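Report on one structure; see the data block that follows.
What follows is calculated from the coordinates using simple rules that are stated; it is not laboratory data. Quick caveat, the model's predicted, so the values are computed rather than measured. Cβ atoms come from the backbone with ideal geometry, glycine included; neighbour counts cover every protein chain shown.
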Amino acid sequence: MNAGELLATRFEEHRPRLKAVAYRMLGSLSEAEDAVQETWLKLSRTDDERVENLGGWLTTVVGRVCLDLLRSRKQRGEQPLDTEAPATHVPDPQISPLPGGGEAVDPEQEALLSDSVGLALLVVLDTLSPAERLAFVLHDMFAVPFDDIAPIVERAPAATRQLASRARRRVRGAAPEPGPDRTRHREVVEAFLAAARGGDFDALLELLDPDVVLRADGGDVSGLSRFVRGAPEVVAGARSFSTLAATTYLALVNGRVGQIAVHDGQAFSVGEFTVRDGRIVEINILADQERLRALLDARAIAELAAAD
């Protein structure tokens, strides 16, 4: 194995962590892949023998790449930073078949799923400034010291600590924490979907927290994007979505049991549910057809159907 092949092998060992960092920073699977690829290009042009801690170096570089992308979004007006106006943008969901042929999540996957991040949290991260998001993600999610984060955001460590602290307060106040019982989560989601299909208004209300939020991102299609709060309003929205797709499958959406709706063989929507104390507190639905085509092709839909 030559030096280039050895370097590529070492990089691949760090790829999962780098992609996890980039996804939490960007909320876009394609952009996360691009950020990781850019990190590899930077490494390939660097004298790696001078890099004492390759994992730390790579995390710092991917953080810088993501920070530049976030700042570019803000300059183009693509980053939803107005926390007073509810955003309907839903980040890219990570979708995979249910393990064990539709059974509850098996113990072997617990470590992986426990590291998943829900769409509700990613929505809140979208409201942070680029520097706040970087400080929070790297420190609170990946335990990167503030001394290492400070040069990336071009601030002193104490100021960087304040960035993460502000972000932490925003996240705690806006991102609902799901309950730890995955089996109960699935039961609630299945009951909600069955009640929606059957038009059981009372059952839907019983499964929803009174202050539940539903966020739907329909992309450029007029009328599909919406933000509603309150159980009666969410019931109306959920029932309207349930009538638009003939087939639905359960799948893992960001590590939680969610719904894939299919119409004419193509994905119509992906729904993720945050369940706490036996009730749904937030529903995030991606119905942007352009993004869904990139996320779920016919083969992926077939795999989801076989596992459900």
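Quick notes on this structure:
- Cβ-Cβ contacts under 7 Å between residues 6 or more apart (or on different chains), taken from a first residue in region 208-221 that is within 23 Å of ALA175 (Cβ to Cβ) and touching a residue at least 40 places away in the same chain (Cβ under 8 Å) to a second residue that is aromatic (Phe, Trp, Tyr) and assigned to a strand (DSSP E or B), are listed as ARG215/PHE227.
- No other residue among LEU163, LEU138 is in contact (Cβ under 8 Å) with a residue 40 or more places away in the chain and either small (Gly, Ala, Ser) or assigned to a helix (DSSP H, G or I) (or both) apart from LEU138.
- Residues being surrounded by fewer than 12 Cβ atoms within 10 Å (Cβ to Cβ) and part of a helix (DSSP H, G or I) - total across region 1-11: 5
Conditions tested, residue by residue: (1) surrounded by 13 or more Cβ atoms within 10 Å (Cβ to Cβ); (2) touching a Cys at 6+ places or on another chain (Cβ under 7 Å); (3) in a helix (DSSP H, G or I); (4) among the β-branched types (Val, Ile, Thr).
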position: GLU13; (1), (2), (3), (4): no, no, yes, no
position: LEU18; (1), (2), (3), (4): yes, no, yes, no
position: TYR23; (1), (2), (3), (4): yes, no, yes, no
position: SER30; (1), (2), (3), (4): no, no, yes, no
position: VAL36; (1), (2), (3), (4): yes, no, yes, yes
position: THR46; (1), (2), (3), (4): yes, no, no, yes
position: GLY56; (1), (2), (3), (4): yes, no, yes, no
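- Yes/no for ARG197 being assigned to a loop (DSSP other than H, G, I, E, B) and either touching a helix residue (DSSP H, G or I) at 6+ places or on another chain (Cβ under 8 Å) or over 21 Å from LEU125 (Cβ atoms) (or both): no
- Filtering region 193-201 for residues that are buried (at least 16 other Cβ atoms within 10 Å of the Cβ), over 26 Å from VAL61 (Cβ atoms), of a type in the set (A, V, I, L, M, F, W, C) and more than 23 Å from the chain's Cα centre (by Cα) leaves a non-empty set.
- Yes/no for ALA287 being in contact with a strand residue (DSSP E or B) (Cβ under 6 Å, 6 or more places away or on another chain) and either surrounded by fewer than 17 Cβ atoms within 10 Å (Cβ to Cβ) or among the polar types (S, T, N, Q) (or both): no
- Pairs, first within 17 Å of VAL123 (Cα to Cα) in region 267-281, second among the acidic types (Asp, Glu) and surrounded by fewer than 20 Cβ atoms within 10 Å (Cβ to Cβ), C-beta under 6 Å, six or more apart: VAL281/ASP209
- Test for ALA150: is it in contact with a Pro (Cβ under 7 Å, 6 or more places away or on another chain) and part of a helix (DSSP H, G or I): yes
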